[in-house]
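First up is the structure itself, then whatever we jot down about it.
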Amino acid sequence: MTRRLTIWLLILLPYNSFGQHWQLVKQVEYGEVDKFALDQVGNIYVTNLQGEVAKYSSEGKLMVEYAPTQVAGIHEITASTQFKVSLFYKDLQEIVVLNRYLSSPIRYRLPDFRLGYVEEVAPNFQQALWALDISDFALKLVDFRENRLLEQKSLAQVLDRNLADIVSFHSHQNRMYVIDKSSGIHVFDNIGNYMFKLMENAPSSTGFNKDYLYYRKDGYLNLIHLYEGEDLKLSIQELDFTRLAYGNDRLVAITPKGFNIYKYLSGQ
């Protein structure tokens, strides 16, 4: 009787679940994904090597696409809200801002705002832009609409310029996060003042979801609470992917042919 019951349980388990935590929502055939991002409501944005952008719903439905007038590699795509999408072209030192329909592009040339060479950018929720200017090793907050430099803070007070290896740069919930491979994750307030070090050892890739910073390590998705210090771990050992993004209980796993969307089954 026990053997029969076990067989029936195996038959009834959904074929696209594993580890009793994740369920495959959809496999999306896109080709080689270059850059990708999630917005606050779970929409997925992916780019290819030609600089084209596609927006998908959290269920994997293609919503809209954007094809630039000139082919150029996108260094970073940011979708901090569901209403604006920013594309950073580091080689061109330009920012392109798109609306929620990936249309009406507005182009800004960074040298026009008296910036030196910008290595990374991070739009904030007030539609201004944090820039990592390596010409003078400083954090700079720029208001494009008023053509104004709002804040400028030297990083030399926190990081050794000769040793620093900044791998990513984020604006999240009115704070700035500088992830430096040589010294950890550093947190700054909304005007660029240094606050504290969140982690001693910087992961190679990080992301943010609500009140958590997440990163992948040793077969787990590690989540660090930004304010309470709570640590969570979600097993992703059975997933096959090259990179990932997590948000709104959806995990987007990048594959050589596109991406897979998984839903977290809390308490399953």
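Laid out as a table, the results:
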| item | result |
| --- | --- |
| Per residue, in Å², the accessible surface of the chain once ligands and nucleic acids are set aside, probe 1.4 Å | 54 |
| Computed FRET value (nearest 0.05) for A72 with K217, which takes r as the C-beta separation and R₀ as 35 Å | 0.60 |
| Estimated FRET transfer efficiency when R0 is 30 angstrom, pair V158-E32 (beta carbons, to 0.05) | 0.25 |
| Over the stretch 20-119: Rg over Rh, Cα atoms, Kirkwood Rh | 1.01 |
| Projected label distance in nm at Q82 and Y101, using a 7 Å step from Cα toward the beta-carbon | 1.7 |
| The chain: relative contact order as a whole-number percent, Cα under 8 Å and 6+ apart | 16 |
| Measure of compaction for the stretch 86-181 (Cα Rg per 2.2 N^0.38 Å) | 1.07 |
| Accessible carbon and sulfur surface of the stretch 97-154 relative to its total accessible area, %, 1.4 Å | 48 |
| Length-normalised contact order for the stretch 179-268 - Cα pairs under 8 Å, 6+ apart - percent | 15 |
| Cα pair distances in the stretch 171-268, grouped into 10 Å bins until the bin that holds the longest one, percent each | 14, 45, 30, 10, 0 |
| Sum of side-chain charges, Y215 neighbourhood, beta-carbon under 14 Å (Lys, Arg +1; Asp, Glu -1) | +2 |
| Hydrodynamic radius (Kirkwood) for the chain, which is based on Cα pairs only, to one decimal in Å | 19.9 |
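The values are calculated or read from the model by the stated rules, or taken from the named source; none is laboratory data. Computed from a predicted model, the values in this text were never measured in an experiment. FYI the Cβ positions are ideal-geometry reconstructions off the backbone, even for glycines, and counts take in every protein chain you see. The area values use the complete protein model at the heavy-atom level, side chains included, leaving out ligands, DNA and RNA. Shrake-Rupley method; radii C 1.70, N 1.55, O 1.52, S 1.80 Å.
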